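To start, the structure under review is shown below, and the notes come after it.
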Amino acid sequence: MILISWNIDSLNAALTGESSRAEETRKVLEKIHAKNPAIIAIQETKLRTTGPTKKHQEILNEKFPEYDWVWRSSEEPARKGYAGTMYLYKKELKPEVSYPQIEAPEPMDFEGRIITLEFPNCFMTQVYTPNAGNGLKRLAERQLWDQKYSEYLQGLDQKKPVLASGDYNCAHQPIDLKHPENNHHSAGFTDEERAGFDQLLAAGFTDTFRKVNGDIAGVYSWWAQRVRTAKSNNSGWRIDYWLVSNRIAEQVKRSEMIDTGARADHCPILLEVEV
């Protein structure tokens, strides 16, 4: 089974935008479709509270005719048109869908950050983890989120194996970003966030990229759009992950990035696994 996860940075822009970046994003969507994944997890959809518009649905049906989809958008008291997640899955799969709240600091539970699919033999869940923010203003809230999210995954894991993906907004180790020496106090690479990721792995989960590829350097999943040369210089961060319960880690066959050419921001991440 092939699974793909991607922080798309606005599904509306991807589907209906007319900029050169929107064209680049649509080419990535075409590349994803060509890989014939069973399930596609999408983060940062930025859709309205009511979800995909009629136009969005028409385009999704055209581009992904073999798939059904479910979505979760930001809602009050959270900011509208912010964050958000979506799953596309092959129509024959028919999972049970849940939209968990994890008792995170307000308004994080209302920002559409988690969707979970339940299958007979596993859970699949995706997350768009809150950023600690400029000046680390939300670092304390982020730490509590990490704790609550870990507890949520552990609860799922007690029932059946878990496959978790998403934008975790954390480069775990110095090898996971190009310039660790300059970013020790940057959001996504603080001691606190890295400790939270340590605790998540210690709770019974495997970082599949490192499991499959070992300590390979220079492979990232995000490059800053605001830094014009970030992508061309491969000055990136690995902050997007496929995690699995330790007991199914040996069933992972591939865990890799999907090339997006000159397009900066996040790239999709692919997992091939026997479940």
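Throughout, read-outs are computed from the coordinates displayed, never taken from laboratory work. On a predicted model such as this, the values are computed, not experimentally measured, just so you know. Glycine gets a Cβ as well: all are built from the backbone with ideal geometry, and neighbour counts include every protein chain shown.
Taking the alpha carbon gyration tensor of the range 200-275, multiplying each eigenvalue by 5 and rooting it gives semi-axes of 26, 12, 10 Å, largest first. Counting Lys and Arg as +1 and Asp and Glu as -1 over every other residue whose Cβ lies under 9 Å from the Cβ of D167, the net charge comes to -2.
Working note: Debye formula, equal point scatterers on the alpha-carbon atoms of the range 16-56, no solvent; log10 I(q)/I(0) at q = 0.16, 0.33 Å⁻¹ is -0.55, -1.10.
If you filter the range 126-200 for trypsin sites (Lys or Arg not before Pro), then keep DSSP loop positions with at most 10 other Cβ within 10 Å, what is left?
K159
Our note on the geometry: Cα centres of the range 106-158 and the range 191-244, 17 Å apart.
Please give every one of the aspartates and glutamates within straight-line cross-link reach of K160, meaning a C-alpha to C-alpha distance under 12 Å, and leave out same-chain neighbours fewer than 8 residues apart. Partners within reach: E118. Calculated FRET efficiency, I2 to Q147, Cβ-Cβ distance, R0 = 25 Å: about 0.20 to the nearest 0.05.
Remark: the range 141-194 is approximated by an ellipsoid whose semi-axes, taken from the C-alpha gyration tensor as √(5λ), come to 26, 13, 7 Å, largest first.
Among the GluC sites (Glu not before Pro) in the range 94-146, those located in a DSSP loop and surrounded by at most 14 other Cβ atoms within 10 Å of their own Cβ are E103. Pairs from the list K35/K91; K35/K90; K31/K63; K94/K148 with a Cα-Cα gap above 18 Å: K94/K148. Its residue count N fixes a reference of 2.2 N^0.38 Å for the range 154-255, and the Cα radius of gyration divided by that reference is 1.13.
Dividing the convex hull volume of the alpha carbon atoms of the range 36-125 by its residue count gives 91 Å³ per residue. According to a simple spin-label model (label point 7 Å from Cα along Cα-to-Cβ), what is the distance in nm between H179 and A13? It works out to 2.2 nm between the two label points. If you take the Cα Rg of the range 2-273 and divide it by 2.2 N^0.38 Å, with N the number of residues, what do you get? It is 0.93. With R₀ set to 22 Å, the beta-carbon distance separating T229 from A34 gives a calculated FRET efficiency near 0.15.
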